[in-house]
Amino acid sequence: MSKITTTIVLIIILIAAAWYYLAPESLKFWKEQTAATINSLPNNTVDETLPDRINAKHQYKNGTHIVVGEVTLPTPCYTLSTSLRIAESYPEQVSLDFTTQTSGEICAQVLTSERFKIDFQASLGAQIKATWNGKPVVLNLIEASPNENLEDF
């Protein structure tokens with residue numbers, strides 16, 4: 001009985017030590033990547049398009065997260081691109097990065113809706129955040145019903 005207790009205590013100590021050394025690294029990665037994204041934006045990236053929040057539907061199926069939604073851009077001359085970063089921690093820390101650019105041409109001041117769809121593999125408990133042109137933005141995820149098909153968004 002003494003050997004079992006000793007083994008359990010050693011396992012708990014090893015898990016605690018691993019968490020102590022790995023968790024700060026994942027948080028450090030998260031902060032460094034956000035700062036690097038802000039500093040590496042192209043010159044024609046615009047910040048005045050920063051929305052108050054991004055509303056999106058979210059669904060988790062077979063190990064894959066699907067996030068779909070629609071954002072408003074100030075004119076049709078703006079383009080939206082999306083990318084994602086996944087910090088290898090548990091649960092994973094996922095950053096959905098939205099970037100807008102303008103062609104620099106004269107364009108009618110007409111609000112334009114742009115749809116997006118991002119899918120990625122991560123655990124069910126992954127923490128999902130968003131940035132807009134490198135700046136943090138509120139991401140309002142609305143869970144889709146199990147019968148809803150976000151693949152055809």
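The values are calculated or read from the model by the stated rules, or taken from the named source; none is laboratory data. Just so it is clear, the model here is predicted, and its values are computed rather than measured. Cβ placement follows ideal geometry from the backbone for every residue including glycine, while neighbour counts extend to all protein chains displayed. We work out accessible area using only protein heavy atoms, side chains counted, and drop any ligands, DNA or RNA first. Shrake-Rupley method; radii C 1.70, N 1.55, O 1.52, S 1.80 Å.
Please verify whether residue 115 is basic (Lys, Arg) and closer than 29 Å to residue 18 by Cβ, treating the condition exactly as stated.
On the way: basic (Lys, Arg): yes; closer than 29 Å to residue 18 by Cβ: no.
So residue 115 does not fit the description; no.
For residues that are under 17 Å from residue 125 (Cα atoms) and of a type in the set (Gly, Ala, Ser), scanning just the stretch 52-105, find the one that is surrounded by the most Cβ atoms within 10 Å (Cβ to Cβ).
95
If you go through the stretch 115-127 one residue at a time, do you hit one that is more than 24 Å from residue 88 (Cα to Cα) and open to solvent by 90 Å² or more (accessible area, probe 1.4 Å)?
Yes, some residue in the stretch 115-127 is more than 24 Å from residue 88 (Cα to Cα) and open to solvent by 90 Å² or more (accessible area, probe 1.4 Å).
Within the stretch 127-142, identify whether any single residue is in a loop (DSSP other than H, G, I, E, B) and out of contact with any Ser or Thr (no Cβ under 6 Å at 6 or more places or on another chain), and answer yes or no. Break it down stepwise before answering.
Restricting attention to the stretch 127-142, the residues satisfying the condition of being in a loop (DSSP other than H, G, I, E, B) are 133-134.
Those left that are additionally out of contact with any Ser or Thr (no Cβ under 6 Å at 6 or more places or on another chain): none.
There is no residue in the stretch 127-142 that is in a loop (DSSP other than H, G, I, E, B) and out of contact with any Ser or Thr (no Cβ under 6 Å at 6 or more places or on another chain).
If only one of 103, 95, 89 is of a type in the set (S, T, N, Q) and under 19 Å from residue 53 (Cα atoms), which one is it?
Details: 103 fails: under 19 Å from residue 53 (Cα atoms); 89 fails: under 19 Å from residue 53 (Cα atoms).
It is 95.
Step by step: first the residues of the stretch 108-126, then only those that are assigned to a loop (DSSP other than H, G, I, E, B) and in contact with a strand residue (DSSP E or B) (Cβ under 8 Å, 6 or more places away or on another chain), then the one that is modelled with the lowest pLDDT. Which residue is that? Before the answer, list the steps.
Just the residues of the stretch 108-126 that are assigned to a loop (DSSP other than H, G, I, E, B), to begin with: 108-111, 122-126.
Remaining after also requiring in contact with a strand residue (DSSP E or B) (Cβ under 8 Å, 6 or more places away or on another chain): 111, 122, 124, 126.
On the way: 111: 88, 122: 92, 124: 91, 126: 92.
Selected residue: 111.
Going by what's in this entry, would residue 133 be described as polar (S, T, N, Q) and on the phi > 0 side of the Ramachandran plot?
Here the answer is yes, as residue 133 does meet what is asked.
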